[in-house]
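Here is the structure we will look at, set down as C-alpha cells.
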Amino acid sequence: SNRTVASEYSALRRTLDFLHHSGIQDDPDIKVLMAGSTLRKVKSRSWKKQRHFRLLEDGLTIWYKSRWAGKVTKTLIAFLSVTELEMVREGHQSEVLLSIAEEFPAALCFTLVFHGRQGNLDLVAESPEEAQAWIQGVRKLIHRAQTMDEKERLDQWVWDWFQKADKNKDGKMNFKEVRKLLKMMNIEMNEEHAFHLFTMADKSGTGSLEIEQFVHFYKILTQRDEVWKVFQDYSGDGEKLMLEELDNFLRIEQQTGERSAQHAQELIERYEPSETAKKQGAMTLDGFQMYLCSQDGSIFKPEHQGLYQDMSQPLSHYFISSSHNTYLLEDQLRGHSSLEAYIKALKRGCRCVEVDSWDGNDGEPVVYHGHTLTSKILFRDIMSTLKEYAFKASDFPVILSLENHCGVEQQTVMAQHLRQILGDTLLTTLVDGQVPLQLPSPQELRGKILLKAKKIGGLEGCVDETLTDEISDEEEMPNGDPESPPAEDPLAECPNNKVESKLSRELSDLVVYCKSVHFHGFEHSRLHAKCYEMSSFSESKAKKLAKESGRDFVQYNTRQLSRIYPSGFRTDSSNYNPQDMWSVGCQIVALNFQTAGLEMDLNDGLFRQNNCCGYVLKPEFMTDGNAQFSPEKPDERQGYRPLRLSIQVISGQQLPKVNQKEGSIVDPLVRVEIYGVPQDQAKDETSHINNNGFNPVWNETLNFVITTPELALVRFVVEDYDKASRNDFIGQFTLPFKCIQAGYRHIHLLSRDGTAIPPSSLFVNISISELS
C-alpha cells in the first residue's frame with residue numbers, strides 16, 4: 001500500500017541521512033572530510049604522490065582521484081568503503097611511514113588498515129590539524145558503520161544501488177538506468193517483466209523512479225516467496241505470527257527446546273518493525289524475514305561464539321591457531337618480510353608465530369627466509385610488534401617458535417631483546433615453581449609469551465654444558481625427510497658446525513615449557529619424554545605417522561605438544577590440509593596465514609568458535625591419557641554415535657558478481673564439503689541455476705553421514721558454473737559441525753579472503769538426527 005511505502009521511505013531517509021541522524025553531519029572533522037583534502041599517498045621511500053580525497057554524501061564512501069601526465073593526462077578515480085576499514089593508526093605506525101620518518105613528522109602521518117589481507121593505505125596530510133581531522137573523522141565513521149543494525153545496513157545497501165544506477169545524478173532513475181542496474185545486481189530478467197515491476201513502482205507515472213519509489217521497486221524485487229511459504233505454514237491468518245504460533249515454529253523447526261516461548265517474545269522485541277504488531281505480541285512477515293537474516297537466525301550457534309570452553313586443562317589438550325613463516329606477506333622466494341604480517345596473524349587470533357633468525361651484519365640478528373631473496377627485518381622490531389599486538393585479539397598465551405640460525409653472540413643479543421622488550425610478558429620461570437608432570441593451562445598462562453627453542457638440559461636442573469645438537473628445528477629433517485630441499489639445511493654450509501651450533505646459555509634459559517627436541521619414535525617418547533619437550537614434523541612425516549600409527553599419535557598428543565609445518569617444496573607458500581593433523585590431535589598445525597584458500601578457510605572455521613581466542617579444546621576421546629582413538633577406525637571408540645546431516649539448500653541472496661564485465665551474470669551452484677576423519681571426508685553439490693545471482697532458488701537436499709561429529713568441519717561453497725573451464729569462486733562459509741544450529745538458517749558468505757560480503761547469503765534448512 002502507498003501508506004507503507006511512504007513510511008518505508010521516511011524510515012529509509014532517516015537512515016540514509018545517517019550523518020544527520022547521528023548528529024555527525026555537524027561534526028567539524030566530518031566537515032573537513034566532506035570538503036576534501038589533498039593527501040600524499042605513500043607506497044615506499046621513493047613513491048609518494050598527491051591525491052585528492054573526500055567523503056561522499058552517503059557518509060560511507062571515500063572517493064579519491066589521481067592524475068598522471070603522459071602523452072595524455074589521465075585521471076583515475078577510485079572509491080573505498082568505510083565498511084572495508086578496520087582501524088586508523090596515528091603517526092609512524094607502519095613500516096612505510098617509519099622509513100620516511102625524517103622527511104615527514106609523525107603528526108602528519110596516518111594509516112588506514114583494511115580487514116582481511118588487503119594492504120594498508122599510508123597517508124601524509126599537509127598540516128597536523130588536517131591529519132587529526134582525518135584520523136578522528138574516519139574513526140567516527142568506522143564506529144558508525146560497525147554499529148548499524150540489520151535494517152540500517154539493508155537501507156544503506158539500497159541507497160548504494162540507487163547512487164550507482166543514477167548515472168546522470170538527477171536523483172531519478174529511468175527504465176534504461178533500471179535495466180542497467182538489474183545487470184549490476186546480478187539479475188537476468190526479461191524486459192517485459194522488468195518493465196512490469198517498473199510501472200508498478202512508478203506510482204506518479206512520470207517514467208522515472210525517485211528514491212522512495214525505488215525503495216518500493218527494490219521491495220517487490222526482493223520479495224522472498226520461500227520465506228513467505230514458511231511463514232504461511234505457521235500463521236493462522238497469513239498476516240502475522242501470534243506469540244504461540246512463533247513459539248510453535250521455534251520449537252518444531254528451529255529446535256530451541258524449553259525456552260522457546262521466552263525466546264519468541266525476545267525475537268519480537270528485537271526484530272519486529274511494526275509497533276502495532278509488537279503491542280499485540282505478534283510478528284509480521286517483515287519481522288520474520290529480519291529475524292531469519294540476523295545473527296539469531298544464522299547457522300552458527302550463538303552460545304558457541306563466546307568463550308564457552310574449559311580453559312584450565314593442560315596446553316596439550318587444545319588445538320592452537322598457528323602460523324608458519326609468519327614474517328612473509330607473499331611467497332618464500334622473493335616475498336616481502338614484514339612486521340605487518342605479524343600484526344595481521346595476531347589479529348586473526350593466531351597464537352603461535354614463527355621467527356627465522358640469522359646473523360645480521362652489524363651485530364643485530366635479522367629475520368628472513370634464509371638463502372632466498374626475501375627482504376630482512378630486525379629481530380628486535382618483531383619483538384616490539386609482538387609486545388604491542390600479542391594480546392589484542394585474545395589474552396591466551398602466544399608461543400614464539402624460534403628457528404635459530406645465529407651464532408652464539410647474536411643468540412645472546414636475541415636473549416637480551418627478548419628480556420628487555422617483552423619484559424614480564426615473557427615467561428621465564430615455572431608457573432608454580434614445580435617441575436611439571438603435565439603442561440600448564442591456557443588460563444594459567446594468560447598474557448604470557450612462551451619461547452619455543454632448543455634448551456641446554458631440562459627443567460630438572462641436570463645440565464649438559466656442551467649442547468652441539470643442530471640448533472635449528474624445522475631444518476632437522478633434510479637427512480630423513482624427502483620433502484625438505486637439501487639447501488635448507490642451515491648447517492650444511494658450516495664445515496665446523498660443532499662450533500657453529502653451540503647454544504647461548506642466556507637464550508637457553510628463556511625456554512621453559514616448549515623445549516625443542518628431536519623425535520625418536522612414539523615408544524621412546526612414552527618411556528622417556530618430558531611433557532615440556534616438543535618436536536616439529538614436516539607435513540609428509542606427520543601424514544605418514546598419522547596413517548601408520550594414528551592411535552599412538554593421538555596418545556602422544558594428549559601429553560606433549562607437536563608442531564607441523566608445510567613442506568619446504570611449497571615455495572609458493574601454499575598450504576596442506578590441516579584437518580589430517582587435527583584428526584590425530586596435533587595442536588600446533590602451522591599454516592601460511594598469508595595464503596587464502598581452502599586450508600585457511602578450515603583454520604578460520606575451526607577457530608571461529610570460543611571467542612576466536614586461538615585455542616579450541618580437543619574432544620574428550622583425544623585428551624584422556626588412556627585414549628584408544630584412531631581416526632582410521634572411528635567406530636572402535638567408546639561412545640561412538642554417528643549422525644545424519646541433511647541440508648536442504650533452499651535459495652541464495654544477492655551473490656556478488658565474479659566477472660565485473662557489463663552484462664555478465666553468474667550461474668551459481670552450492671557445494672557442501674565435509675572435512676574430518678578419513679571416513680567422513682565427503683562433498684556433494686546442487687545443480688546450477690542459469691543467470692541469477694540475485695535470488696536463485698535450488699530447493700535441493702544433500703545428505704551426509706558423520707561418524708566423528710566432534711572433529712568434523714562443514715564448508716559451504718558457492719561457485720559460478722562454467723562448463724568449459726574451472727568454476728569461479730563466489731563465496732564460502734566454514735564452521736565446526738558441533739556449532740551448527742538446526743532449522744531454517746541463513747549462512748552469511750565470506751570472500752576468498754575471509755572477510756564479510758553482506759548481504760550475500762544462503763538460506764538452508766538443516767536437520768541433524770541419529771543414524772538409525
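Brief remarks on what is shown
- Complete set of residues in region 76-103 that are over 22 Å from ALA393 (Cα atoms), touching a residue at least 24 places away in the same chain (Cβ under 8 Å) and among the hydrophobic types (A, V, I, L, M, F, W, C): LEU80, VAL96, LEU97, ILE100
- Only listed residue being touching a residue at least 12 places away in the same chain (Cβ under 8 Å), assigned to a loop (DSSP other than H, G, I, E, B) and open to solvent by less than 10 Å² (accessible area, probe 1.4 Å), chosen from VAL666, VAL649, VAL670, VAL658: VAL666
- Condition check for SER583: open to solvent by less than 10 Å² (accessible area, probe 1.4 Å), at pLDDT below 95 and touching a Pro at 6+ places or on another chain (Cβ under 9 Å): no
- Residue selection: VAL366 fails the criterion of being crowded, with 18+ Cβ neighbours inside 10 Å, within 22 Å of VAL512 (Cβ to Cβ) and assigned by the TED database to the domain that holds VAL511.
- So LYS278, is it in contact with an Asp or Glu (Cβ under 7 Å, 6 or more places away or on another chain) and not in a loop (DSSP other than H, G, I, E, B): yes
- Of the residues ARG259, ARG251, the single one that is in a helix (DSSP H, G or I) and within 22 Å of ILE650 (Cβ to Cβ) is ARG251.
- Residue within region 743-760 that is on the phi > 0 side of the Ramachandran plot, outside any loop (DSSP other than H, G, I, E, B) and either touching a Cys at 6+ places or on another chain (Cβ under 9 Å) or among the small types (Gly, Ala, Ser) (or both) present: yes
- Residues that are surrounded by 14 or more Cβ atoms within 10 Å (Cβ to Cβ), modelled with pLDDT of 95 or more and either on the phi > 0 side of the Ramachandran plot or of a type in the set (D, E, K, R) (or both) do occur in region 419-432.
- LEU60 meets the conditions (1) closer than 18 Å to PHE110 by Cβ; (2) buried (at least 18 other Cβ atoms within 10 Å of the Cβ) in every case but one. The failed one is (1).
- Filter result (modelled with pLDDT under 95, more than 21 Å from GLN223 (Cα to Cα) and under 24 Å from the mean Cα position of the chain (by Cα)) within region 657-697: VAL658, ASN659
- Pick from region 89-138, criterion closer than 24 Å to GLY349 by Cα and open to solvent by 30 Å² or more (accessible area, probe 1.4 Å), ranking: modelled with the highest pLDDT: GLU90
- Scanning region 289-337 for residues that are out of contact with any Ser or Thr (no Cβ under 9 Å at 6 or more places or on another chain) and β-branched (Val, Ile, Thr) yields ILE299, ILE320.
- Taken over region 568-586, the residue count meeting the criterion of being under 18 Å from GLU673 (Cα atoms) and acidic (Asp, Glu) is 1.
- Residue-level analysis places GLN156 outside the set of residues that are touching a residue at least 12 places away in the same chain (Cβ under 8 Å), open to solvent by 50 Å² or more (accessible area, probe 1.4 Å) and of a type in the set (S, T, N, Q).
- Selection status of TYR291, part of a loop (DSSP other than H, G, I, E, B) and of a type outside the set (S, T, N, Q): no
- Residue ID - most open to solvent (accessible area, probe 1.4 Å), chosen from residues in region 603-643 that are of a type in the set (Ser, Thr, Tyr) and within 30 Å of ARG446 (Cα to Cα): THR623
- The lone criterion from (1) acidic (Asp, Glu); (2) open to solvent by less than 10 Å² (accessible area, probe 1.4 Å); (3) out of contact with any strand residue (DSSP E or B) (no Cβ under 6 Å at 6 or more places or on another chain) left unmet by GLU710 is number (2).
- Between ALA415, ALA393, the distinction of being of a type in the set (Gly, Ala, Ser), farther than 14 Å from CYS514 by Cα and open to solvent by 30 Å² or more (accessible area, probe 1.4 Å) belongs to ALA393 only.
The values are calculated or read from the model by the stated rules, or taken from the named source; none is laboratory data. As the structure is a computational prediction, the values presented were derived from the model and not from experiment. A quick note on method: Cβ atoms are made from the backbone with ideal geometry, for glycine too, and the neighbour counts reach across all protein chains shown. To get the accessible areas, we keep the full protein, side chains included, count just its heavy atoms, and leave off ligands, DNA and RNA. Shrake-Rupley method; radii C 1.70, N 1.55, O 1.52, S 1.80 Å.
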